[in-house]
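This report concerns only the one structure given below.
The values are calculated or read from the model by the stated rules, or taken from the named source; none is laboratory data. Just so it is clear, the model here is predicted, and its values are computed rather than measured. Virtual Cβ from ideal backbone geometry, glycine too; neighbours counted across all protein chains shown. The accessibility values were calculated without ligands, DNA or RNA, using every heavy atom of the protein model including side chains. Shrake-Rupley method; radii C 1.70, N 1.55, O 1.52, S 1.80 Å.
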Amino acid sequence: MAGIYPLNGRLQHYVWGGERYIPHLLHIDKTESHYAEYWLGAHPSAPSQVIGTKEEISLDDFLHQNPTALGQQSRQLFGDNLPYLLKILDVANPLSIQLHPTKKQAEIGFAQENTAGIPLNDPKRTYKDDNHKPEMMIA
């Protein structure tokens, strides 16, 4: 299913986030205290919604139903998963230092926590997915 599909991303309301930038960027009414991140991707914790199809569907469900939408080269390199998550951040307060695992460490840790039955939203969970987290910051 080739084509370009508009997405509605997902907002993250962490207490370190700003108050105005993301609502202004997205032209939405401010209803929360903090707007820390706007995610565009298929992360299982907050997948974007594909709009313009018969019914709005999460991007991860859309890609499971239409894996060829990822393209042949991407599928050869990364399988049937979207290999990135775009985040727009508004940082109003200092962030903690973050350490990210390698791809292999993430796969092992994610599998172990799944096997242990730790829910994805458990605050004690370390691995929310099986990916490493290479990052690029653009100011």
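Could you run through the range 1-10 and say how many residues are more than 13 Å from the chain's Cα centre (by Cα) and either open to solvent by less than 80 Å² (accessible area, probe 1.4 Å) or without any contact (Cβ under 8 Å) to a residue 24 or more places away in the chain (or both)? Before you say what the answer is, go through the steps one by one.
As a first pass, look at the range 1-10 and keep what is more than 13 Å from the chain's Cα centre (by Cα): 1-6.
Pick out the ones that are also either open to solvent by less than 80 Å² (accessible area, probe 1.4 Å) or without any contact (Cβ under 8 Å) to a residue 24 or more places away in the chain (or both) and you get 3-6.
Selection size over the range 1-10: 4.
Cβ contacts < 8 Å: first residue over 30 Å from residue 19 (Cβ atoms), restricted to the range 93-105; second residue of a type in the set (S, T, N, Q) and assigned to a loop (DSSP other than H, G, I, E, B), any location; separation 6+ or different chain. Result?
Partner pairs satisfying both residue conditions: 103/131.
Taking the condition of being over 17 Å from residue 88 (Cα atoms) and without any contact (Cβ under 8 Å) to a residue 60 or more places away in the chain, how many residues in the range 34-57 meet it? Explain how you work it out, then say what you get.
Residues of the range 34-57 that are over 17 Å from residue 88 (Cα atoms), as a first pass: 44, 50-57.
Next, from what is left, pick out any that are without any contact (Cβ under 8 Å) to a residue 60 or more places away in the chain: 50-57.
So the count comes out to 8.
When the residues of the range 38-61 are filtered to those that are over 23 Å from residue 136 (Cβ atoms) and hydrophobic (A, V, I, L, M, F, W, C), which remaining residue is surrounded by the most Cβ atoms within 10 Å (Cβ to Cβ)?
Our first condition is that a residue be over 23 Å from residue 136 (Cβ atoms); within the range 38-61, this holds for 49-58, 61.
Retained after the next criterion (residues that are hydrophobic (A, V, I, L, M, F, W, C)): 50-51, 57.
Numbers: 50: 22, 51: 12, 57: 18.
Restricting to residues being over 23 Å from residue 136 (Cβ atoms) and hydrophobic (A, V, I, L, M, F, W, C), the top hit is 50.
Look through 64, 27, 13 and report the one residue that is surrounded by fewer than 17 Cβ atoms within 10 Å (Cβ to Cβ), free of Cβ contacts under 8 Å to residues at least 40 places away in the same chain and on the phi > 0 side of the Ramachandran plot.
Only one candidate passes the filter, namely 27.
Within the range 125-137, identify whether any single residue is surrounded by 11 or more Cβ atoms within 10 Å (Cβ to Cβ), free of Cβ contacts under 8 Å to residues at least 24 places away in the same chain and farther than 17 Å from residue 6 by Cα, and answer yes or no. Let's see the steps before the verdict.
To start, the set of residues in the range 125-137 that are surrounded by 11 or more Cβ atoms within 10 Å (Cβ to Cβ) comprises 125-133.
Filter again for free of Cβ contacts under 8 Å to residues at least 24 places away in the same chain, leaving 125-126.
Retained after the next criterion (residues that are farther than 17 Å from residue 6 by Cα): 125-126.
Looking for residues that are surrounded by 11 or more Cβ atoms within 10 Å (Cβ to Cβ), free of Cβ contacts under 8 Å to residues at least 24 places away in the same chain and farther than 17 Å from residue 6 by Cα, one finds at least one in the range 125-137, hence yes.
Is it the case that some residue within the range 101-124 is of a type in the set (S, T, N, Q), out of contact with any Leu (no Cβ under 9 Å at 6 or more places or on another chain) and open to solvent by less than 60 Å² (accessible area, probe 1.4 Å)?
So far as the range 101-124 goes, no, none of its residues is of a type in the set (S, T, N, Q), out of contact with any Leu (no Cβ under 9 Å at 6 or more places or on another chain) and open to solvent by less than 60 Å² (accessible area, probe 1.4 Å).
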